[in-house]
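One structure is given below, encoded as structure tokens.
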Amino acid sequence: MLNRMNTPWVERKGFSHWGMSLLWLVFVFLTSQAVVLIVTVAVLYATGAVSTAEELITATQTRLDVLFIGNSVGQIFVMGLASLLIAGLHTGTETKLEFLRIKWHNDTVFYMVLGGILILVIQPTVMFLGYLNSFLPTPEFLEELHRSQYQMFEDYLSSDGVLLIGLFHIAVVPAFAEEVLFRGYVMRAFEKSAGIVAALIISSLIFSLFHLQLTNILPLATLGAVMGLVTWLSGSIWPAVVAHFVNNGSAVIMGTIWPDRAFAEITPELLPPIWILLSSIVLSGVLIKILYSKSNFQLKT
Amino acid sequence: MEEEKTMGQSSDSISIKDMLPSATVVGLVFSIITFAIGLFVGYYEISSEPSGSFFSPSTLSGSVICLISLLGGVLAVWHFVKEVNPYIKLGQGAALGFLTGAVMVILTAVYSEIWNFIDPDYTDQLVEATIANVEAMEMPDAQKDAMIDSMASSVRQQNSFLSSILWGIPITGILNLLTGMVGVKIFAKKEDEETF
């Protein structure tokens with residue numbers, strides 16, 4: 001009886017950890033869209049911004065501030081809190097927080113600092129990967145989707161006094177919610193089924209695909225892999241939360257101050273010089289090596 | 001005798017290989033049924049006058065086909081419980097349901113390709129019938145044009161091998177995964193009296 005209680009629910013019921021995490025991702029994807037819609041409509045009606053169906057349709061395309069509120073609510077409740085609950089199905093003797101690696105070690109601050117620096121250092125490489133990505137064939141409708149997403153961010157960030165609230169919606173909320181879902185839940189579930197290497201590769205690919213930006217798949221997967229690696233080496237998701245915040249936060253600041261440059265299509269002229277690219281690759285490698293050598297072997301296994 | 005047959009069987013030993021016969025048999029039966037319904041309704045639409053209604057026979061047949069194919073997961077579990085192992089777990093039922101949905105989609109796509117050889121004009125005629133139906137609708141021209149474009153590409157997509165597999169396997173697979181779990185709750189025997 002005791003042995004059975006120590007076995008995770010997913011195993012007792014004949015599920016695989018990875019299969020359950022994929023199912024959860026489908027649920028999260030669909031539900032978070034529904035939450036965005038419900039919250040947006042509720043806020044628009046509650047504030048008296050719309051009163052007819054026609055006004056509502058127009059407002060869902062123009063009131064980006066409300067759309068971002070809906071998106072944040074969806075991320076917090078579905079990606080973050082609901083993933084925290086669903087993690088309970090995968091735990092045996094460990095707690096949900098331990099499973100998701102929401103824990104603090106003595107060296108967590110060290111990893112947070114280095115993780116943040118690593119994300120900044122790797123940016124030129126990520127830009128270059130974005131350029132390489134543009135050579136991959138992509139269906140027209142996905143390119144259009146990507147363009148409209150960027151246009152939405154550009155329009156939102158060009159509003160007056162949006163920096164702090166933009167940082168909250170685009171940097172703070174995703175840093176917590178997406179890290180709990182991807183590095184906490186998905187990566188751990190795949191790690192239990194297939195080991196850490198497969199978990200790192202698959203979770204970073206899922207992370208990039210989840211953003212519906214096939215035109216950005218290489219940079220997003222690279223960032224996902226880096227944040228996954230930092231999580232694994234530190235045994236905590238907090239360094240990845242910081243790294244994610246630094247990445248999105250710097251994009252928000254760039255988008256607010258230099259929108260023309262931040263949202264421009266990457267061309268060879270906009271790419272950083274080769275020496276910066278090489279320095280970025282070498283420095284990123286050095287930082288990863290430092291993180292690896294400082295890592296506790298017990299955590300790695 | 002029945003007791004002897006099931007004695008010693010455990011859900012722990014069930015593998016994907018064990019599930020394949022049930023998934024194939026049920027997937028085969030359901031793919032034939034759904035393809036036949038789709039084909040029948042398709043030819044009915046081609047030969048009939050455009051109604052100008054949003055609810056064309058093919059729209060309704062799409063819902064009927066979807067509902068019928070949902071039974072695949074339940075029946076695959078029923079078949080598995082009857083023929084292979086009565087002690088199937090919830091997750092194994094989910095996997096069996098997904099597999100059945102995938103088999104159904106792949107076989108339907110194969111039949112569709114074969115039918116394109118038998119009647120190469122079928123897809124074009126269906127697209128024309130769909131366009132004629134939209135043109136008979138009472139709505140502004142701009143809206144009509146947009147609808148024609150989207151419906152024509154949707155019909156072509158449904159009849160394209162790669163696209164029907166790419167979209168069909170996740171959607172039909174997940175729906176049957178859910179009904180596979182329902183099948184476990186209805187048909188599977190419990191190894192012990194464990195509750196959640």
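Where in segment B:64-93 is the amide nitrogen less than 15 Å from a point lying 7 Å along the Cα-to-Cβ axis of B:Leu20? Counting only backbone N, you get no residues. Placing +1 on each Lys and Arg Cβ and -1 on each Asp and Glu Cβ, with no other charges, gives chain A a dipole about its Cα centre of roughly 1440 debye.
Shown in residue order for segment A:281-294 are the 3J(HN,Hα) couplings computed by the Karplus curve 6.51 cos²θ - 1.76 cosθ + 1.60 at θ = phi - 60°: 5, 5, 4, 4, x, 5, 5, 5, 4, 4, 4, 5, 5, 7 Hz (x for Gly and Pro). The calculated 222 nm mean residue ellipticity attributable to helices in chain A amounts to -21500 deg cm²/dmol, summing -39500 (n - 2.57) over DSSP H runs of n ≥ 4 and dividing by all residues. Ellipticity at 222 nm from helices only: DSSP H runs of n ≥ 4 in chain B, each -39500 (n - 2.57), divided by the residue count, give -27000 deg cm²/dmol.
Decide, for segment A:174-286, between rounded, prolate and oblate: order the square roots of the alpha carbon gyration tensor eigenvalues as a ≥ b ≥ c, take rounded if a/c falls under 1.5, and otherwise choose prolate if a/b is larger than b/c, else oblate. Prolate. Just to confirm the number: angle between the C-alpha axis of helix B:90-118 and the first principal axis of chain B, 0 to 90 degrees, nearest 10? Around 40 degrees separate the two axes. Do the alpha carbons of any pairs in B:Lys17/B:Lys89; A:Lys96/B:Lys17; A:Lys96/A:Lys289; A:Lys103/A:Lys289 sit beyond 26 Å of each other, and which pairs? Checking Cα-Cα distances, A:Lys96/B:Lys17; A:Lys96/A:Lys289 exceed 26 Å. The magnitude of the dipole of chain B, with charges of +1 and -1 set on the Cβ of Lys/Arg and Asp/Glu and taken from the Cα centre, is near 540 debye. Ordered by the number of other Cβ atoms lying within 10 Å of each residue's own Cβ, fewest first, B:Met139, B:Met104 fall into the sequence B:Met139, B:Met104.
Kindly identify the protein assembly as shown as rounded, prolate or oblate by the Cα gyration tensor criterion: order the square roots of the eigenvalues as a ≥ b ≥ c, call it rounded if a/c is under 1.5, otherwise compare a/b with b/c, prolate if a/b is larger, else oblate. Verdict is oblate for the protein assembly as shown. Excluding the site residues themselves, the longest part of chain A lacking any chymotrypsin sites (Phe, Trp or Tyr not before Pro) in a DSSP loop with at most 13 other Cβ atoms within 10 Å is A:136-301. Applying a DSSP loop filter and a limit of 14 other Cβ atoms within 10 Å to the chymotrypsin sites (Phe, Trp or Tyr not before Pro) in segment B:35-128 leaves B:Phe54, B:Phe55. When segment A:2-300 is described by a simple charge dipole with +1 on each Lys and Arg Cβ and -1 on each Asp and Glu Cβ, the residue from A:Ala175, A:Val113, A:Phe190 located farthest towards its positive end is A:Phe190. Cβ crowding within 10 Å, taken as a proxy for footprinting-reagent exposure, orders B:Met151, A:Met152 from fewest neighbours to most as A:Met152, B:Met151.
Ranking A:Val286, A:Phe128, A:Ile266 by how far each Cα lies toward the positive end of the dipole of segment A:2-300 (charges on Cβ) leaves A:Val286 at the top. Mean sequence separation of contacting Cα pairs (under 8 Å, at least six apart), scaled by the length of segment A:1-81, corresponds to a relative contact order of 34 percent.
Under 20 Å Cα-Cα from B:Lys189, which aspartates and glutamates qualify once same-chain neighbours fewer than 8 residues away are excluded? Counting by Cα, and skipping residues close in sequence, B:Lys189 has these aspartates and glutamates nearby: A:Glu11, B:Glu2, B:Glu3, B:Glu4, B:Asp12, B:Asp18, B:Glu83.
Just so you know, all these numbers are worked out from the coordinates, no wet-lab data involved. All figures in this text were calculated on a predicted structure; none of them were measured in a lab. Neighbour counts are summed over all protein chains in view; Cβ atoms, including those assigned to glycine, are modelled from backbone coordinates with ideal geometry.
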